[in-house]
Structure formats: C-alpha cells, structure tokens
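The block underneath contains the structure these notes are about, expressed in structure tokens.
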Amino acid sequence: MVFGHQVDFIAYPFLNDTSGGIPLHSPITVAPKQLPQFAYLSDYFPHSAKEVRHGSHIPFSEMKGGQHEWMLEVTDVLKLVWFPHSRTIGYEEGAAFTPEQLRFWVYHTFLPLLFQLEQVYHMFHVGSVEIDGKAVIFSAPSFGGKSTLTHYCLQRGHRLLGDDTLAIHTENDGTFRAVASWPFVRPYRQPAVLGDAAEAFVTSPLKIGAVFVLKQVEGNADIDIAPLKGIAKFKALHAADFSPIGFFKKEHFVFHMQFAKQTPLYEIAVPQNFARLGEVYTAIQDTLLS
C-alpha cells in the first residue's frame, strides 16, 4: 500500500508493493507509453541529485484538481506523465533508467505532487512511526535527523508510516488522519534510493498523536522539550510542507490553522550524538504519556 493506493507497475511486477491493507482510493497503473509534448515547461532545478523539470498543456497555476495531463522529467533517467482519465502514470526511459529508479521517482516525487494537485492529501516532508496506536511525526530540515530517529523507533518495534514523506487526510468531520507513504526506510541518506524494506508498516490511516520538531544541539546538551504555540506552530508546519505549490497558499494556510488547533506540536533538542538517541526516545515517550 502506497499512500493508501494500490500502485501496479505493469512492465515490472516485481516492484509492486506487497505490504497489504485495503486501498482507500482507486488503483494507479504505471506503464510504458508514448508521451505527448507539452507547451509549458518549467526551468530545470536540482532534486535528489538530479536535474528535473515539469511540463503541462496549460499554465501551472491552472492545474488545481489534478484533472490535466502533466509531466515530470528527470534528466537522463525518465519522463513521467499523468493521464487522469485512465489513472495511469506513463513513462519513457532515459539512458540512466532502471526499474528501481522508476519506483523511486514515482513514489518519492510524482505521487506526492499528484495528490497535492488533486487535493486528496496535504503532504508533509517528515518521518513518522506508530506509537501506542497513533502517528507520531518527526519534522526537521533535510539531514536534520528525522530518518535516523524514525529508524531508531523501528528498531524498538514500532511500525513505519514514512521516513521521508507523510500524507495527511482531512476527514469529513474536519479531523485529521495520517496515511503512510511507502514501506521503505533509509536511515543514512543516499540520493534517488528508497532504502531497505521495513519489517512493520502501517496500512490503514491513524489518528495523530503529536508532531516533534527536531532541533540539533551539541552532543552533551540537555534534551529539552517545549510545546510550540501561536505563530511558532504555523512556521513549523510551513517548514514541514512537501514542495509547497505556490498557487495553494490559501488552502495551505487554512490547513495549517486547523491542523495546529487539533495537534500538539513540540520542539525537542536532539544532541548530535548517536549514543543519546535512547534518551531522546524516552523523552518523546514521556511527553506522549503526559
């Protein structure tokens, strides 16, 4: 299960996820396809150690709803195009293409962008595990320690929701549920690699327990935890957004406001010392219990 969807790689069925669960949405097919040309092309920009760009038949600001064809091109690797009526991701292979690269770019980048455009989910760039039946979220800048802490929790028997990206679904009653991303974890970053298969993966939406914003401190510093309030909550949530899309500013503001009202956010000082991760883990559990 990937973001609550069944994703079928037609040409490479060995890539299909087998983690189980009941799909929340209609399936998505990934298949080789002759791709159209696009009139609107963005500039190339760096992403996951590659140069990428987007393409569309219409101005990007008019793409809300996800009911338009659009493209993600990864230089020398592949092109991916969304065909909304058949719910298919078509692709063309580049010189550096591999099936694993196909899965990486579909899971890591294409699907999160698609779900934001469709306004199915709000996407966060965070790590998350299940603790006592709820999703606990770790937020930090890239290389800020969220994947390391996520992996530490997995080693202690917790289930994975995501070590890089997490989807938040707004229920009909206005409450929020966390939807797991993909069943892979990479505690030490490698560009364009999903990592190792997680032994335990969450396959149904969970209520959200808390968000912990990680603040790296010296290795011998105290492990302080303080609740975030007011504007500090909004800043923390905005910083955790996955690749914010500029023309969703209003929707993101409303989401952040409602999410901040319902969800406890804390800042936690995390010493830059692997030997002290156990203390950080204990401090988080104590905070959740209190």
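Does Thr109 satisfy being of a type in the set (Val, Ile, Thr) and farther than 19 Å from Asn16 by Cα? I'd like the intermediate steps shown before the answer.
On the way: of a type in the set (Val, Ile, Thr): yes; farther than 19 Å from Asn16 by Cα: no.
In short, no.
Restricting attention to segment 64-81, which residues are within 16 Å of Trp105 (Cα to Cα) and either assigned to a loop (DSSP other than H, G, I, E, B) or at pLDDT below 95 (or both)?
Across segment 64-81, the qualifying residues are Thr75, Asp76, Val77.
Only one of these is assigned to a strand (DSSP E or B), touching a Lys or Arg at 6+ places or on another chain (Cβ under 9 Å) and not assigned by TED's automatic domain parsing to the domain that holds Ser181: Val30, Val52. Name it.
After ruling out the rest, the residue left standing is Val30.
Residue-by-condition table, conditions (1) exposed (fewer than 15 other Cβ atoms within 10 Å of the Cβ); (2) of a type in the set (A, V, I, L, M); (3) free of Cβ contacts under 8 Å to residues at least 24 places away in the same chain:
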| site | (1), (2), (3) |
| --- | --- |
| Val211 | no, yes, no |
| Lys215 | no, no, no |
| Glu218 | yes, no, no |
| Asp222 | yes, no, no |
| Gly230 | yes, no, yes |
| Ala236 | no, yes, no |
| Ile245 | no, yes, no |
| His252 | no, no, no |
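Surrounded by fewer than 17 Cβ atoms within 10 Å (Cβ to Cβ) and either outside any loop (DSSP other than H, G, I, E, B) or not hydroxyl-bearing (Ser, Thr, Tyr) (or both): which single residue out of Ser86, Ser61 fits that description?
None of the others qualify; the one that does is Ser61.
Go through (1) within 15 Å of Val280 (Cα to Cα); (2) surrounded by fewer than 22 Cβ atoms within 10 Å (Cβ to Cβ); (3) of a type in the set (Lys, Arg) for Lys146 and report which single condition fails.
Unmet condition: (2).
Considering segment 158-207 alone, what residues qualify as being in a strand (DSSP E or B) and among the basic types (Lys, Arg)?
Scanning segment 158-207 gives Arg159, Arg177.
The values are calculated or read from the model by the stated rules, or taken from the named source; none is laboratory data. Keep in mind the model is a prediction, meaning the values are calculated, not measured. Here the Cβ is made from the backbone with ideal geometry for all residues, glycine too, and neighbour counts use every protein chain on show.
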